[in-house]
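Student: Have a look at this one before I ask anything.
The values are calculated or read from the model by the stated rules, or taken from the named source; none is laboratory data. All of these numbers come straight from a predicted model, not from anything done at the bench. Every residue, glycine as well, gets a Cβ built from its backbone with ideal geometry; the counts of neighbours run over all protein chains shown.
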Amino acid sequence: MSITDIRLIATDMDGTLLNSNHEVNESFEPVFRKLKDQGIIFVAASGRQYYNLLKTLDFVKDEVIFASENGSYVVFRDEEIHVQPIDHASVKELIQISRNIPNTYGIICGKKKAYVDRNEPEFIDHLKLYFERYEIVDNLLDVEDDDFLKFTLCDLNGSEANSYPHYKHLEDSLKVKISGPIWLDISHPLANKGVAMDVLQKKFGVSFEQTMVFGDYFNDVEMLQKAYYSYAMGNAHPDIKKIARFTAKTNDENGVVEILSEVADAVALAEK
């Protein structure tokens, strides 16, 4: 087993590939080009909206597979590879629960766009970071004409302590994930980054040993379990570091790109 055998690399975005200012380091693109020339497939696996990921990685958007909405919507060059929606009835139940949680804002993550029924400036500022297309509606319960990929809560009091306890009882029937300090994602039980990775591994004939992944939070758990080369970021949640096999430097130290450079250099040396 060697990193020269890597054929598929997937990375989370926020807290992982992106720095604390939500930026891609300028050193990423040249390393990405080397990996692509070496035949390595690259996946951006994120809780972010597909259209937001397209904007964030605009400079390589036709060369990256996007596993968006925590793996429930996997797309390459506008071709849908995998879709795992959640039924509307479940989302309506989740909306009703959210209305009893203080300082929390619900978001329906549709295939076409995101839907919200609150417009407080602090919330909208957070929303715009992760959703490129969204609509403010009168009532989330009235939204119908879209496939729902997940239901997300922006919890300004902190998702782990404030909103997660209200949904924990649903973990046997839905995928409930704390995806960031103020984010809680709820989706179909088969919708996660690990399932997306499994779909891609089968599609491209890539093994567990030929896969490398990077993550920092609980929505990365299943993805980390799909690769021998599983990396937790230096800034990752302590429980994620226990799950991953390796540790990269923090996202603000460009940890992902450092490891990617090692892979590209090792492959280049092996090919000589």
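Student: Please work out which one of (1) in a helix (DSSP H, G or I); (2) assigned by TED's automatic domain parsing to the domain that holds TRP183; (3) surrounded by fewer than 21 Cβ atoms within 10 Å (Cβ to Cβ) is the condition ARG33 fails and give its number.
Tutor: With (1) in a helix (DSSP H, G or I); (2) assigned by TED's automatic domain parsing to the domain that holds TRP183; (3) surrounded by fewer than 21 Cβ atoms within 10 Å (Cβ to Cβ) applied to ARG33, the lone miss is (2).
Student: Restricting attention to segment 206-217, and to residues there that are hydroxyl-bearing (Ser, Thr, Tyr) and under 12 Å from ILE9 (Cα atoms), which single residue is surrounded by the fewest Cβ atoms within 10 Å (Cβ to Cβ)?
Tutor: SER207
Per-residue answers, yes or no, for (1) closer than 22 Å to GLU93 by Cβ; (2) not aliphatic (A, V, I, L, M):
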residue	(1), (2)
TYR115	yes, yes
PRO121	no, yes
ARG133	no, yes
LEU140	yes, no
LEU156	no, no
GLU171	yes, yes
GLY194	no, yes
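Student: Continuing with the same structure: ALA268 versus (1) modelled with pLDDT under 95; (2) closer than 14 Å to GLY194 by Cβ: which is the lone unmet condition?
Tutor: Answer for ALA268: the failing condition is (2).
Yes or no, residue by residue, for (1) closer than 22 Å to PHE76 by Cβ; (2) in the same structural domain as PHE66 (by TED's automatic domain parsing); (3) among the acidic types (Asp, Glu):
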| position | (1), (2), (3) |
| --- | --- |
| ASP146 | yes, no, yes |
| SER159 | no, no, no |
| SER179 | no, no, no |
| GLY205 | yes, yes, no |
| THR247 | no, yes, no |
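Student: Out of the residues in segment 138-175 meeting the condition of being of a type in the set (D, E, K, R) and assigned to a strand (DSSP E or B), tell me which one is modelled with the lowest pLDDT.
Tutor: LYS175
Student: Which residue is nearest to VAL176 (Cα to Cα), if the candidates are limited to segment 37-95 and must be aromatic (Phe, Trp, Tyr) and surrounded by 21 or more Cβ atoms within 10 Å (Cβ to Cβ)?
Tutor: Checked segment 37-95; the qualifying residue nearest to VAL176 (Cα to Cα) is TYR73.
Student: Still on this model: Restricting to segment 1-30, name every residue that is within 25 Å of ASN70 (Cβ to Cβ) and either modelled with pLDDT under 95 or in a loop (DSSP other than H, G, I, E, B) (or both).
Tutor: Listed by number, the residues that qualify are ILE6, ARG7, ASP12, ASN19, SER20, ASN21, HIS22, GLU23, ASN25.
Student: In addition: If I go through segment 103-124 residue by residue, how many of them are touching a Leu at 6+ places or on another chain (Cβ under 8 Å), over 13 Å from LEU140 (Cβ atoms) and part of a loop (DSSP other than H, G, I, E, B)?
Tutor: Qualifying residue count, segment 103-124: 2.
Student: Considering only residues that are outside any helix (DSSP H, G or I) and either surrounded by fewer than 20 Cβ atoms within 10 Å (Cβ to Cβ) or in contact with a Pro (Cβ under 6 Å, 6 or more places away or on another chain) (or both), which ones fall in segment 218-253?
Tutor: GLN225, TYR228, GLY234, ASN235, ARG245, PHE246, THR247, LYS249, THR250 - these are the residues of segment 218-253 that are outside any helix (DSSP H, G or I) and either surrounded by fewer than 20 Cβ atoms within 10 Å (Cβ to Cβ) or in contact with a Pro (Cβ under 6 Å, 6 or more places away or on another chain) (or both).
Student: Could you tell me whether ILE108 is over 27 Å from HIS166 (Cβ atoms) and either crowded, with 22+ Cβ neighbours inside 10 Å or not β-branched (Val, Ile, Thr) (or both)?
Tutor: In short, no.
Student: A further question follows. Failed condition for SER179, given (1) assigned to a strand (DSSP E or B); (2) under 14 Å from ILE95 (Cα atoms), with all others met?
Tutor: Looking at each condition in turn, SER179 falls short on (2).
Student: Among the residues that make up segment 51-71, is at least one of them of a type in the set (Asp, Glu) and touching a residue at least 40 places away in the same chain (Cβ under 8 Å)?
Tutor: Yes, the conditions are met somewhere in segment 51-71.
Student: Would segment 120-139 turn up any residue that is in contact (Cβ under 8 Å) with a residue 40 or more places away in the chain, more than 27 Å from ILE9 (Cα to Cα), of a type in the set (A, V, I, L, M) and not assigned by TED's automatic domain parsing to the domain that holds ALA10?
Tutor: No, the conditions are met nowhere in segment 120-139.
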